[in-house]
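Colleague: If you scroll down you'll find the structure; I have some questions about it.
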Amino acid sequence: MRRLTSAFLGVLTAIGIFLLPSAPAAAAEVNLAPSATASASYTSPWESVAAINDGIDPPRSNDTVNRRWGTWPQTGAQWAELTWASAQTLRSAQVYFFDDGGGVRVPASWRLQRWTGSAYADLPGTYPVAADAYNTVTFAQVSTTRLRVVLQSGQASVGLLEVKAIGENGRQSGWNPPGNLVTPLNEVWQHQESTYPNLYGFRNYGWDQIMANRGSINYCVRWDSGATVSAALRDQIHAALARQFKKWMDVMRGHNNWPYADVPLKVVGWAVRDRAQLQWNDNSVDIYVGDIRENAPQCAQACGRFFNQGGTYPNCPGGASHHYDMSLWLTAGMGGGAGGDWGQRLGSEYFVNSLNADDIHILLHEIGHSFGLDDFYDWTPTGVCCFLMKAGSAAQITEFDAWMFRDWWRHLKSRYGY
Ligand SMILES: [Zn+2]
């Protein structure tokens with residue numbers, strides 16, 4: 001369960017320019033669209049309704065670079081909507097129209113609707129129809145699980161490039177742990193500050209990675225094993241990793257102006273010694289063969305955040321969208337684990353045998369390290385006995401672990417403009 005300190009020290013000497021992500025316009029507001037599921041009345045087969053809440057600001061209405069939602073050749077009333085798993089409090093929306101000057105044009109008119117639980121109800125407001133810009137509509141605060149954009153076509157079919165649903169998600173500001181945890185939390189922070197002189201200078205915590213991606217995380221799997229992997233096992237590994245990562249992200253939801261209701265995790269690549277170990281032919285992930293580092297297969301350095309801490313990936317074969325922030329390094333025969341800004345390492349057999357476990361506790365512990373949490377081999381904070389980061393004393397994220405995690409955000413958030 002050791003923290004692989006050498007990796008942290010290794011990057012301290014790396015020269016890189018850290019690009020501070022642009023600060024949010026107002027910390028009191030958050031775009032809730034990325035945590036919704038998008039659907040539509042109709043989508044042209046070559047377009048994608050998922051474009052409307054992928055968080056990408058379009059360069060112009062005739063966007064030829066990013067995904068788009070379009071309805072060509074359908075005309076008349078068309079809609080796209082966002083559906084959340086739970087009710088969201090919304091105050092305004094921003095809509096960017098798709099207009100290619102031909103078969104898809106800005107609509108003649110449009111409106112927003114919310115789902116009342118039994119019907120769609122119009123949201124009264126002023127609805128501008130501008131190309132090459134977000135069209136903002138402000139309305140009286142509503143709570144709903146669905147926001148629908150209804151477009152009435154004009155000269156051609158219609159489409160959208162992005163929809164932002166602005167509201168709040170019960171976010172609290174400030175730091176409000178249970179009273180009995182204040183002393184041990186302050187002890188932990190002081191201990192970390194005195195143990196790691198570059199605590200605040202380091203720029204590749206999991207926090208930095210998520211903020212650089214504006215709310216998502218990418219992984220590459222280092223398959224350090226001779227075993228074969230079926231497509232089904234690949235997908236189970238992805239799902240298990242995402243479920244465990246989400247446990248830490250759920251700790252942050254709604255806390256102290258943390259801006260993301262969800263942090264989607266994507267496995268973008270696999271590294272192996274021999275391509276024949278991977279028993280699939282689809283191209284859903286990038287595959288790296290025989291690139292050995294630390295005596296284990298690795299994914300392309302040109303695509304790895306650890307090697308490109310400026311956050312740009314000019315030499316990554318698939319482009320920046322194929323970059324990975326962390327590696328999930330699965331080693332045959334390994335007990336315990338290691339974690340750092342580069343990712344997490346643990347036994348491949350342990351992980352495969354734990355795929356359906358509620359808590360893959362070694363992975364959870366090592367992800368904690370990736371976000372800066374320390375080990376507790378030689379001391380225990382006052383009044384707390386058992387928690388995940390004190391190896392062997394707990395097998396899940398405890399309230400104390402959760403508050404140590406939140407404490408990192410408390411101390412780093414100003415770095416991102418919060
Ligand atoms: Zn550890």
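Coordinate-derived values only; no laboratory data. As the structure is a prediction and not an experimental result, all values here were calculated from the model. Positions of Cβ are backbone-derived with ideal geometry, glycine not excepted, and every protein chain shown enters the neighbour counts.
Colleague: Work out from phi, with θ = phi - 60° and the Karplus expression 6.51 cos²θ - 1.76 cosθ + 1.60, the ³J(HN,Hα) of each residue of segment 44-61, listed in order in whole Hz, and give x for Gly and Pro.
Modeller: Ordered by residue, 3J(HN,Hα) equals 4, x, 8, 9, 9, 5, 5, 4, 6, 9, 8, x, 8, 6, x, x, 6, 5 Hz.
Colleague: Given 25 °C and 0.890 mPa s, compute D for segment 144-252 with the Stokes-Einstein relation, Rh being the Kirkwood radius over Cα pairs; round to the nearest whole µm²/s.
Modeller: 124
Colleague: So, one more: Report the Stokes-Einstein translational diffusion coefficient (µm² s⁻¹, integer) for the chain, Rh taken as the Kirkwood radius over Cα pairs, at 20 °C with viscosity 1.002 mPa s.
Modeller: 93
Colleague: What is the order of 258, 270, fewest Cβ neighbours within 10 Å to most?
Modeller: 258, 270
Colleague: With labels modelled as points extended 7 Å from the Cα through the Cβ direction, what inter-label distance (nm, one decimal) is found for residue 293 paired with residue 382?
Modeller: Label-label distance for residue 293 and residue 382, simple model: 4.4 nm.
Colleague: Still on this structure, please answer the following. Give me the Å³ per residue figure for the convex hull around the C-alpha atoms of segment 190-333.
Modeller: That works out to 143 Å³ per residue.
Colleague: For the peptides 67-75, 321-329, what is the packing order when you average, over each peptide's residues, the other Cβ atoms within 10 Å and list the highest mean first?
Modeller: Peptide ranking by packing, descending: 321-329, 67-75.
Colleague: Still on this structure, I have one more. Kirkwood hydrodynamic radius, computed over distinct alpha-carbon pairs, for segment 346-418: how many Å, to one decimal?
Modeller: For segment 346-418, inverting the mean 1/r across all distinct Cα pairs yields 13.5 Å.
Colleague: How would you rank 149, 272, 182, 142, going from fewest to most other Cβ atoms within 10 Å of each one's own Cβ?
Modeller: 182, 142, 272, 149
Colleague: If each residue's Cβ is checked for other Cβ atoms within 10 Å, how do 81, 349, 294 rank with the fewest at the top?
Modeller: 294, 349, 81
Colleague: Over the chain, what relative contact order in percent results from Cα pairs under 8 Å that are six or more residues apart?
Modeller: Relative contact order for the chain comes out at 17 percent.
Colleague: If you don't mind, there's one more thing I want to ask. Applying the Karplus parametrisation 6.51 cos²θ - 1.76 cosθ + 1.60 with θ = phi - 60° to the phi angles of segment 323-329, what ³J(HN,Hα) value in whole Hz is obtained for each residue in order, glycine and proline being reported as x?
Modeller: After applying 6.51 cos²θ - 1.76 cosθ + 1.60, I find 6, 10, 8, 10, 9, 9, 9 Hz.
Colleague: Send over the per residue convex hull volume for segment 308-372, Cα only, as a whole number of Å³.
Modeller: Output value, Cα hull per residue: 109 Å³.
Colleague: So, one more: Counting DSSP beta bridges in the chain, what percent are antiparallel, to the nearest 5?
Modeller: 65
Colleague: I need the per residue convex hull volume for segment 33-168, using only the alpha carbons, in cubic angstrom as a whole number.
Modeller: About 94 Å³ per residue, rounded to a whole number.
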